Amino acid sequence: MLRSLFPSRRSTVSFAGIILLLSAAVYGQKTEWRPISPAELQMTKPVVEPDADAEALLWETSIDDSDSKKLIRKNYVRVKIFNERGRERFAKFDIPYIKGYSEIKDIAAHIIKPDGSTIELADSDIFEREVVKVSKLKVRSKAFAVPNIVPGVIVEYQFTEQIKYGGLAGSKLELQKDIPVQNLVYLVKPYRGAHLTAKYYNASVNGDGFKNDRDGFYRLIRHNIPAFKEENFMPPEAMVRPYVIMAVSGSFGVDVFDPAMYWRRLGFAGADMVRAMHGLRKDVDKLTEGLIAGAATPEERLRRIYDFCQHKIRNTSFDPAARNSQETWRDVFDQNWKDIAKNGSGSGSSATINVLFGAMATAAGFDTRWVYASRRDEVFMNPKMTDSSLMRFAGIGIVLGGKRLLYDPGNKFAPFGQLSWYREDALGLFVSEDSLAWTKIPLSTADTNLTKRTAKFRLGEDGTLEGTVSIELYGNEALNYRMNSYDDDPTARQNAIKDAVLRRITNAEVSKITIENFDDNSKPLIERYSIKVPNYAQKTGKRMFFQPGYFEYGSPPPFPNATRVHDIFFSFPWSERDEITIEFPPTFAIESPEAPQAVSDKAGSVSDKITIEANTAASKVIYSRDLSAGVDGKTLYKVAEYSSVKEVWDAVQKADTAALTLKMKE
Amino acid sequence: MKNLTKLRQNIVVLSVLLFGLVGSVFAGDDAPSWVSQVAGSSIPAYDIKNVPAVVLLDEYVASVDSGGKISTTSRYAIKILTNEGRRLAIARGFYLTSGSKVTDIDAWLLPPDGKVQAFGKKSVIDMVDDPDDIYNEGRIKAIDATDSAVVGSVFAYTVTTEESTLFYQDQWSFQGRLPVLRGRYSLNLPSGWAASSVTFNAPEIRPQVSGSTYTWELSNLKPITWEPMSPSVGNLAPRIAVNYGPADAKGRSFPDWKSVSTWATPFYDSMAIVDDNVAAKARELTANAKTELEMIQAIGTFVQNLQYIAIDIGVGYGNGYKPRASSIVLSRGYGDCKDKATLMRAMLKALKIDAYPIIVYSGDPDFVREAFPSPKQFNHCIIAVKVSDATQAPSVIVDPKLGRLLIFDATDAYTPVGDLPDYLQNSLAVALAGDNGGLMRMPLLPAEDNKVERTLNVSLTDSGELKGTIREHSTGQASTGERTALRRESAADYRKTLERWITRAATAAKLVDFKTTDQFANAAFDLSLDFTAPAYGQLMQSRLMTFKPAFVGRRSGTAFTESKRTTPISLDEASVIETATFELPAGFIVDETPEPLDLKTEFGTYRSTYEVKGQQLIYKRHFQTKRSLIPAEKYAEVRDFYGKIRDAEQSPVVLLKK
């Protein structure tokens, strides 16, 4: 079974970001509309993408940071509507703002018919409303519907947004919109003529970046940009969607695009944390000493500390009743550590548990580090990406035998030595009191992330399959399962198992579902259930046909589409081992059981081997399947490789769903 | 009313993100005695697993004064039984900026550890009810305690409101999907006023009357679980409809359906304004129309393609029942359902064709009940066009007073004139035609008018490759489904949908080409698709080849996965006819075909046949259902029907090498 990566969203949400998502804006003091060409008016087909619903002829955003008291963002957009979907997208606007913080002005919109005549938005068409009010804070919005919008017209609109004390530095400007754009223009004016620096991601600029323009503005123009589209198994959006990050000289006191300088600043903050953590050592010295007494190796000492922190301290981050989403680092360090040390137990958040682990490891004599790390479900990080929001506290680093190791006992379900999949193969910044070092966090192997599935079935003469199933999850498979469902009730977890079966086999009757070892991360997570599937085998007059690969029965092909836009990304290497025993009726004989041919790709990253052992005398078939994927760490494929990736996975699915024939004995 | 929409929840989340945890929570406060009292209720065991919460008390008290002003107090308490139930710890009170207000809202959380948390004014979020509307006076005051709630907590709130009522009528449902220990609806009336009620979905609930206070109450209501193809909760949960007022409550109470028509008709009539622009547009649109039906089609198509935009102002004063003037709707080019119906009516009027607005309930054809004449039962507006005998269409009905009427929904852009969305078919609705108006039943279009005819012409090679063409001709609501998919999805996504459809049948199938033809005016849609599917036929021992002749399934499946059922099953009129002709590979003969299947039930039929003609296998299947509401007791029969079809369609044909 393949895992899909759903592109994650950044956890921090800025209001400016919300406005950008909800709106598309323009400029104009007294509703001045720019000239429009006959070709634009008469245009009947999109230029950038042949099947586009709407296409922006111009999408211009002007950002003026010259006034220290406000940031002015003016938007001017001209869109040709080609069909109903395009009309739906641009028929109404709802532009939110926070009263007292930002302001929306100079809204104007009209439609231009192919004959050049226009219908203007009237003042009475614009509605102002309070979207939400909490205490004295109010989110308001200006909303309007574009009059007489129909396929074939051009919609043109503009508005200005003023943000009190807003700044250009750190702004993220999209270089690809949700619709195709013929001309994408950004005009930016930094504060009092400061030097502008732009860093481009997922875009090749080749000298066509921001250039000096009039009145202190810099201008960037991009042409004929297709719409951004999401796909299954694609890398994180930040790795495929082009954007530019703005900075101005003097904005941070240093040149933010000198990576070494930039990360050193983050290192200073990390060093303070390390010092604070080391300061706790005296509180936990005795506790640590007792805990590691008699441990033979450094690893054993670490394991004992890890297990203590993870199991003896109640992790409040995993408890809805005790979770504190407002916790600060001050709260973490202000814990009563002496009480924890005295009692040998206590409670704390994930961060607290990690800090405790760091303090105890320090007390045990380990060389400890504060570790910031990226998440591979957000970004494939490199140090040139000078964005500290991409590197967040990830746990405690230990330098042992020349190796930098990362531990995260604050993750309740991660056993010693394991991290969440998105930390694997990610970049970590190990910070000590006086140094910092980049380290690539190791990726686990396919064998580690194993799903071991066993089934014992009987096939009746009427084609009914009945028996028991056991599924054992190891490594990331187990950790993911636990992380995704710890907030669910036991019944909900059981229902999820049942639903997963029913999605594949709609007439299955699933019962006696159990889940073992959910809270014991030292053991594999085990699901067990009984199942009965009427008419699992298809019958004809003399024969029965059945798919011995029960676990892949009814699974859809992972790559159904012929073409693809983005690279293909699997979260981590994994493997599956299936062993299925099926007893069939003695009145039938199996007809020359042939195992499907083994499947593998050229590099050996994916392989699927099936063996079928038939014992006619015992009326029994033993089906074994051994699938590995991401071997040698190959989890990312270029889009150019799509046809070969699809071919392999189609072949895997074909092999997995092959049928056997039973013939009635004469 | 009991559930916040996702959008509203997003606003709550946005509020929390923007402003931090909303307001202050005071721990250690006392809860009111009624909360402490209901918190101690014992919870029965339910057959359904994983019930997220149980409603301990759902009480609504309305006090009416002689001027028609109403003060209401809601008291609501739930016990949270699962983690999923935590999201239900939200208090809410609805109001309109015109004509009503929430005067107070308070909430309490009683966690299992007993420390009461009280949520006061600073915790209140005031937000729009429907963020999708350009403007809507409906607002919600809410208190969100989901962050603090844990399993075992009791969450309780009170909301008090004041409003001026338009009608001396009300409706009250005693439950949503959650089980309810006690539900109570009370009405305090001025002296000399009286109340009466009708009960739906349950035996009659009689009120307890004390002076001029009427109280309806039910206890120990079991949960209503979600099941596929079941009626809406509004058709399952016990509910009452109440009429009250003084003896001469004219205009605020409705003794019969005719009075609903006479009350609402002027609102619509006055807005169907035929000015020069409306008349000119009507003439322009129908310039080439030769028949009455073509004129209606031309106007209908224009109106249904106007953008749907709702702007609700003055709802509290009754404007929710009034459309905007047709002249304005035309000039702005957008409107809501009643705006569209009114514009269409005005344009038809300019062409000397009479039409009437129809108010109807969208979402459940069985929701409206004849026993409760009231405009409050409806949420949608469509149109009935008076037509001559020359106009023939499936959606024409005959009304004893109004004559032949063509029913049309000008809001649904995918269902043409002559057809009607399935969610409106066979429902009760009111024609607003003054004294001649009243309750009528919308047409039910037969399965024959709602059909998919599929033809496969395919060939199978000796390596098992299948290639050929699938053609589908859909009519009626089946064509609406196809049209909706084509128009709503981008061209690339529509192609992907088709690719998924055929790769579900054969893993490595490739879509070679496809073509769609939308005959919108005829309520028909054609899809033609060329494909190849390598190794569709499975070769065994080099002498056998098997393949399933039921190559593709429906694009939306029907899955009765549970062995038991508690709610009735609601089926629609539908018909699928398929003829698949397989050219078999040379050198192979048909060794076995599955048994033909012939099913006949009171709600549907299915027939499949196999015929071998030389090197051709001709496979036919015909599936048909009719609009039915089948009691849960007959679930096994329904499941068996669909199960046998599924099994038959999984069965292979066996070819033998000569």
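Rule-based calculations on the coordinates, nothing more; no lab input. All of these numbers come straight from a predicted model, not from anything done at the bench. In this analysis, Cβ positions are derived from the backbone assuming ideal geometry, glycine residues included, and neighbour counts consider all displayed protein chains.
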## Note on the structure
Rounded to whole angstrom, the alpha-carbon centroid of the stretch A:182-242 lies from that of the stretch A:459-482 at a distance of 49
### Task
Would you work out which of B:Val576, B:Gly604, B:Val590 lies farthest towards the positive end of the dipole of the stretch B:555-613? Charges go on Cβ: Lys and Arg +1, Asp and Glu -1.
B:Gly604
### Förster radius 56 Å - calculated FRET efficiency between A:Asn324 and A:Ser592, Cβ distance, rounded to 0.05
0.30
### Per-pair calculated FRET efficiency, R0 = 22 Å: A:Lys609 and A:Arg504 via Cβ, rounded to 0.05
0.50
## Note on the structure
To the nearest 20 debye, the stretch B:6-245 has a Cα-centred charge dipole, built from +1 on Lys and Arg Cβ and -1 on Asp and Glu Cβ, of 380
### Query
Could you work out the helix-only [θ] at 222 nm for chain B, with each DSSP H run of four or more residues adding -39,500 (n - 2.57) and the total divided by the number of residues, to the nearest 500 deg cm²/dmol?
-6000 deg cm²/dmol
### Formal net charge of residues neighbouring B:Pro446 (Cβ-Cβ distance under 14 Å; K, R +1; D, E -1)
-3
### Message
Counting other beta carbons within 10 Å of each residue's own, what order do A:Trp421, B:Trp226 fall into, fewest first?
### Response
B:Trp226, A:Trp421
### Message
Within a 10 angstrom radius of the beta carbon, how do B:Arg543, A:Arg140 rank from fewest other beta carbons to most?
### Response
B:Arg543, A:Arg140
### Message
Between B:Glu204 and B:Met229, what's the calculated FRET efficiency when r is the beta-carbon distance and R0 is 35 Å? Round to 0.05.
### Response
0.75
### Query
Taking 0.36 nm per residue of separation and subtracting the Cα-Cα distance, what length does fully extending B:Ser212 through B:Ala45 add?
56.4 nm
### Query
Shape of the stretch A:450-664 from its Cα gyration tensor (a ≥ b ≥ c, root eigenvalues): rounded if a/c is under 1.5, otherwise prolate when a/b > b/c, or oblate?
oblate
### Message
Along the charge dipole of the protein assembly as shown, pointing to its positive end and built from +1/-1 on Cβ of Lys, Arg, Asp and Glu, which listed residue (A:Thr316, A:Asn206, B:Ser459) has its Cα farthest out?
### Response
A:Thr316
### Message
Rg over Rh of chain B, using C-alpha atoms and the Kirkwood radius, what does it come to?
### Response
1.02
### Query
Between the stretch B:493-516 and the stretch A:381-442, what is the C-alpha centre distance in whole Å?
44
### Distribution of pairwise C-alpha distances over the stretch B:6-245, 10 Å bins, in %
7, 28, 36, 24, 5, 0
### Task
Specify whether the C-alpha gyration tensor of the stretch B:472-516 places it in the rounded, prolate or oblate class, a ≥ b ≥ c being the square roots of the eigenvalues: rounded for a/c under 1.5, otherwise prolate if a/b is larger than b/c and oblate if not.
prolate
### Message
Run the numbers for A:Ile221 and A:Lys199: contour at 0.36 nm per residue of separation, minus the present Cα-Cα distance, in nm.
### Response
6.4 nm
### Query
In nanometres, what is the gap between the two model label sites at A:Glu299 and A:Arg392, each 7 Å from Cα along Cα-to-Cβ?
3.1
### Query
Can you run phi through the Karplus equation (6.51, -1.76, 1.60; θ = phi - 60°) for the stretch A:396-405 and list ³J(HN,Hα) in whole Hz, with x for Gly and Pro?
10, x, 10, 9, 9, x, x, 9, 9, 10
## Note on the structure
A:Ile622 and B:Asp389 label points (each 7 Å along its Cα→Cβ direction) are spaced in nm at 8.2
### Query
Where does helix B:491-505 land angle-wise versus the long Cα axis of chain B, in degrees 0 to 90, nearest 10?
60
### Message
To the nearest 20 Debye, how big is the dipole of the stretch B:363-463 about its Cα centre, given +1 on the beta carbon of each Lys and Arg and -1 on that of each Asp and Glu?
### Response
380
## Note on the structure
For the stretch B:483-488, Karplus-derived ³J(HN,Hα) couplings (6.51, -1.76, 1.60; θ = phi - 60°; whole Hz; x for glycine and proline) come out as 5, 4, 4, 5, 7, 7
### Summary
Tilt, helix B:635-650 to longest principal axis of chain B (alpha-carbon atoms), in degrees rounded to tens, equals 30
## Note on the structure
Of the residues A:Val146, A:Thr362, B:Ser197, the Cα lying farthest along the dipole of the protein assembly as shown towards its positive end, which is defined by charges on the beta carbon of Lys, Arg, Asp and Glu, belongs to A:Thr362
### Summary
For B:Arg565, the net charge from surrounding residues (Cβ-Cβ under 13 Å; K, R +1; D, E -1) works out to -3
#### Entry: Nearest-ten-degree value, helix A:475-485 long axis tilted from longest Cα axis of chain A
60
### Message
What does the extension gain come out to for B:Phe94 and B:Thr517, with contour length at 0.36 nm per residue minus their alpha carbon separation?
### Response
147.6 nm
### Task
Let me know the Kirkwood hydrodynamic radius for the stretch B:135-180, please, with Cα pairs as the basis and the value in Å to one decimal.
14.8
### Query
If you rank B:Leu109, A:Leu121, B:Leu343 by fewest surrounding Cβ atoms within 10 Å, what's the result?
A:Leu121, B:Leu109, B:Leu343
### Summary
Which of A:Lys498/B:Lys600; A:Lys45/B:Lys510; A:Lys663/B:Lys548; A:Lys138/B:Lys69; A:Lys512/B:Lys222; B:Lys564/B:Lys634 exceed 20 Å between C-alpha atoms? The answer is A:Lys498/B:Lys600; A:Lys45/B:Lys510; A:Lys138/B:Lys69; A:Lys512/B:Lys222
### Task
Under 9 Å from the Cβ of B:Leu460, count the other residues' Cβ atoms, weight Lys and Arg +1, Asp and Glu -1, and hand me the total.
-2
#### Entry: Over the stretch B:257-444: Kirkwood hydrodynamic radius from C-alpha pairwise inverse distances, Å
16.2
### Message
Suppose every Lys and Arg Cβ carries +1 and every Asp and Glu Cβ carries -1, with no other charges. What dipole size does the stretch A:15-248 come out with about its Cα centre, to the nearest 20 debye?
### Response
840
### Task
For the stretch B:182-217 and the stretch B:35-64, compute the distance between their C-alpha centroids and round to whole Å.
20
### Task
May I ask for the percentage of alpha-carbon pairs in chain A that lie more than 44 Å from each other?
40
### J(HN,Hα) series, the stretch B:618-623, from Karplus relation 6.51 cos²θ - 1.76 cosθ + 1.60, nearest Hz, glycine and proline x
10, 10, 10, 9, 9, 10
### Task
Note the direction-averaged projected area, equal to a quarter of the hull surface, for the Cα convex hull of the stretch A:94-243, in nm².
12.9
### Summary
Rh_Kirkwood(the stretch B:73-190) over Cα pairs, Å, one decimal, evaluates to 15.7
### Task
Only loop residues by DSSP count here, and only those with at most 11 other Cβ atoms within 10 Å; note down the trypsin sites (Lys or Arg not before Pro) in the stretch B:180-253 that meet that.
none
### Kirkwood hydrodynamic radius over Cα pairs of the stretch A:260-440, then Stokes diffusion coefficient at 4 °C and 1.567 mPa s, in µm²/s
79
### If the convex hull is drawn through the Cα atoms of the protein assembly as shown, its volume per residue in Å³
201
### Summary
With T = 37 °C, eta = 0.692 mPa s and Kirkwood Rh from C-alpha pairs, the Stokes-Einstein D of the stretch A:407-464 in µm²/s is about 215
#### Entry: B:Gln37 paired with A:Ser470, simple spin-label distance in nm, labels 7 Å along Cα-to-beta-carbon
5.6
